[in-house]
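Computed from the coordinates by the stated procedures, all read-outs in this text should not be read as laboratory data. Predicted model, so just to flag it, every value in this text is computed and none were measured. Counting neighbours? That spans all protein chains shown, and the Cβs are built from the backbone with ideal geometry, glycine included.
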Amino acid sequence: MILDGLVAWAGPAGLSLLAIVFGFGLYKLVVFLVVRYTRPNSVTRIFFDASARALSVVLCLVALNSVLHTVPQDLPLLFPVQRITVLLMVMSITWAAVGFTSAIGEVIVKLNPAFEDEWKRARKVETQTRFLVRCLNVVIVLIGAGVALMTFESVNQIGTSLLASAGVGGVILGFAARPVLSNLLAGMQIALTQPFRIDDVLFVEDQWCWVEEVTATYVVLRVWDLRRLVVPLQWFIENPFQNWSRHSTELIGSAMIWVDYGMPVESLREEFTRLLQETPLWNGVTGTVQVVEAGEKGIQIRFLMSAKSSNALWDLRCFMRESMISFVQKQYPEYLPRYRGELLNNENADS
């Protein structure tokens, strides 16, 4: 009986193989035409490259499915083979659709480059686009999964009972998926209000980091030491955080040192100004020297400065702190902070 089945499938199997070869050949022809008549960075090429592999599978499965509908319908195991083919075709079409929508995001980002005078707008568009594309991909996957399940007759048969219990099931699903739904809603709010964008510098949980990726449910932050901090979107709605580059990347920072009361502040101010003018880290906006505290051991000097970015500001603060300490050590070593005491001779101590 098995031998009879194999003999009956000999002809249809050969036709199916030819159909797959035809579908793959058609895919190669499409690849040749696209590569031949489009530029590497064109919009058409971006869309095609994003869904090319899925397109090859779709074409092969469509050709195979066409052949399976022309062969004798009394072949053994034909019905399961047809159902598997349709299921794979739905999955491959979903795969192609996800790649196509992802390419939409890439095209929008490409059409809005981050020029020097439009970087804020470009980053805003990129953040919104990537979030919306991911949401659209989730919808496409859900639709594809639903269509794939509908290919099974058992799913259709239990559809009535599922509808009858939809109310209770919806409530249970709502409670179970509450964290996911809250993050999705938080992501929509963040995409619309833009409290931060891609590449913004944030200060989160005592960590200085950059926004590296915004997904549908969480944000990936790149910490200054190259660690990655993954934070749910809902956290940004419920907790305060610092955005150091929301309107501008320029920042103001300070460096503090302690010196003796006898230290001439004007000398520090002149040296600080000279160093600022020589370093390329300074943006030429803010540069002041102030005595901010006077204690029993000495005075605290604050060197206030500005830079064009957070990285430059950090380097500038470290450079100025080291340079000013070195200046005091070389030029005024007697005015380094020290403990003061009063010495009494024995006669005065006894009296």
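Once you treat every alpha carbon in the stretch 251-335 as an equal point and sum by Debye, what is log10 I(q)/I(0) at q = 0.10, 0.13, 0.17, 0.18 Å⁻¹?
-0.23, -0.38, -0.63, -0.71
At what distance in nm do the modelled label points of T273 and V147 sit from each other, each positioned 7 Å from its Cα along Cα→Cβ?
Taking the two extended label points, one gets 7.2 nm.
How far apart, in nm, are two points set 7 Å out from the Cα along the Cα-to-Cβ line at V292 and at L33?
Modelled inter-label distance: 6.8 nm.
Counting Lys and Arg as +1 and Asp and Glu as -1, what is the net charge of the other residues whose Cβ lies under 13 Å from the Cβ of A307?
Every neighbour counted, the sum reads 0.
Relative contact order for the stretch 251-335: what is it in percent, counting Cα pairs under 8 Å that are at least 6 residues apart? Spell out each step's value before the answer.
Numbers: 128 pairs, mean separation 34.7, N = 85.
Dividing the mean separation by the residue count of the stretch 251-335 yields 41 percent.
Rounded to the nearest Å, what's the spacing between the alpha carbon centres of the stretch 239-270 and the stretch 9-55? Just the number, please.
Value for the Cα centre distance between the two parts: 61 Å.
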